[in-house]
Amino acid sequence: MATPTTYIFSPEQHGHLIPYIAALHASCISVDHMIGPFLPPLTNEKLLPWWKERILEANQGTRVIVLLLPETAPGVKPTGPDLRGLAMLKLSETETGSFRGQIDAVLVNQKHRRQGGAKALVDALEYEAARRGRTLLLVDCETDSVAETAFIRFGYVEIGKVPHFSRVLPNGKKGETFFYKDLLPSP
């Protein structure tokens, strides 16, 4: 089995993976009950246009999408089942926030969890953020979740918690925890 590596999403190299990206997202929402932009039931009519918008933002330079894939020979395109995970960073478009980025998602396929994929994806986002002059990263995730524990391990500082932040089925709400990480070394 090839070692997983992070890659910046490229329409030419990875555009054919969009349905698999949407399926990974759907799985994280439906199976893992991850809070996301949608509530089940999920359909391609909901997910595919949403992902195409995210990819358009990446093409416009306002978002970074990182994929976790097996290492392949140059010029060899990955297949859908190769997709192990992905992460996204939204770059602030304001003049006053030109040093900030917001981690929007870190998704890892259930079969490939607990193998360092989430850490590799976040490390890649942090590298890409710094490369683009983004030294303050923000992220929020469901309170009392695996993601919350992971971001603490990754060195993110908790800002606070908001109870009843997101709607979940059937008629509930879940809390959200907010974090930041300053990528500049302390003086």
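The values are calculated or read from the model by the stated rules, or taken from the named source; none is laboratory data. Model, not experiment: these values are computed from the prediction. Cβ: placed from backbone, ideal geometry, glycine included. Neighbour counts: every protein chain shown. For the accessible areas, the whole protein counts, side chains as well, though only heavy atoms, and no ligand, DNA or RNA atoms are used. Shrake-Rupley method; radii C 1.70, N 1.55, O 1.52, S 1.80 Å.
Sort out which residues of the range 159-176 are touching an Asp or Glu at 6+ places or on another chain (Cβ under 9 Å) and of a type in the set (S, T, N, Q), and write them in order of number.
Listed by number, the list holds a single entry, 166.
Can you name every residue in the range 1-48 that is outside any loop (DSSP other than H, G, I, E, B) and in contact with an Asp or Glu (Cβ under 9 Å, 6 or more places away or on another chain)?
Residues of the range 1-48 that are outside any loop (DSSP other than H, G, I, E, B), as a first pass: 4-8, 11-30, 44-48.
Those that are outside any loop (DSSP other than H, G, I, E, B) and in contact with an Asp or Glu (Cβ under 9 Å, 6 or more places away or on another chain): 4, 5, 6, 8, 17, 20.
Test residue 125 against the stated conditions and say whether it is under 22 Å from residue 23 (Cβ atoms), surrounded by 18 or more Cβ atoms within 10 Å (Cβ to Cβ) and in contact with a helix residue (DSSP H, G or I) (Cβ under 6 Å, 6 or more places away or on another chain).
On the way: under 22 Å from residue 23 (Cβ atoms): yes; surrounded by 18 or more Cβ atoms within 10 Å (Cβ to Cβ): yes; in contact with a helix residue (DSSP H, G or I) (Cβ under 6 Å, 6 or more places away or on another chain): no.
Judged against the criteria, residue 125 is not a match.
Which members of the range 166-187 meet the condition of being without any contact (Cβ under 8 Å) to a residue 40 or more places away in the chain and surrounded by 13 or more Cβ atoms within 10 Å (Cβ to Cβ)? Talk me through it step by step, then tell me what you get.
Within the range 166-187, the subset without any contact (Cβ under 8 Å) to a residue 40 or more places away in the chain is 170-173, 175, 177, 185-187.
If the condition is that a residue be without any contact (Cβ under 8 Å) to a residue 40 or more places away in the chain and surrounded by 13 or more Cβ atoms within 10 Å (Cβ to Cβ), then 175, 177 are the ones that fit.
Identify the residue in the range 1-32 that is closer than 22 Å to residue 72 by Cβ and of a type in the set (Ser, Thr, Tyr) and, among all such residues, is surrounded by the most Cβ atoms within 10 Å (Cβ to Cβ).
Once the filter is applied, the top-ranked residue is 6.
So the check is Cβ under 7 Å with 6+ separation or different chains; which pairs have a first residue in the range 16-27 that's without any contact (Cβ under 8 Å) to a residue 40 or more places away in the chain and a second one that's open to solvent by 20 Å² or more (accessible area, probe 1.4 Å) and not in a helix (DSSP H, G or I)?
Sorted first by the residue in the range 16-27, then by its partner, the pairs are 26/42.
Among the residues of the range 108-121, is any modelled with pLDDT under 95, on the phi < 0 side of the Ramachandran plot and part of a strand (DSSP E or B)?
Within the range 108-121 (the criterion being modelled with pLDDT under 95, on the phi < 0 side of the Ramachandran plot and part of a strand (DSSP E or B)), the answer is yes, since at least one residue qualifies.
I'd like to check something: does the range 83-106 contain any residue that is free of Cβ contacts under 8 Å to residues at least 12 places away in the same chain and either assigned to a helix (DSSP H, G or I) or within 26 Å of residue 29 (Cβ to Cβ) (or both)? Spell out the reasoning first.
Step one: of the range 83-106, the residues free of Cβ contacts under 8 Å to residues at least 12 places away in the same chain are 94-97.
Subset that is either assigned to a helix (DSSP H, G or I) or within 26 Å of residue 29 (Cβ to Cβ) (or both): none.
No, the conditions are met nowhere in the range 83-106.
Conditions tested, residue by residue: (1) surrounded by 12 or more Cβ atoms within 10 Å (Cβ to Cβ); (2) of a type outside the set (Val, Ile, Thr).
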residue: 34; (1), (2): yes, yes
residue: 41; (1), (2): no, yes
residue: 56; (1), (2): yes, yes
residue: 67; (1), (2): yes, yes
residue: 79; (1), (2): yes, no
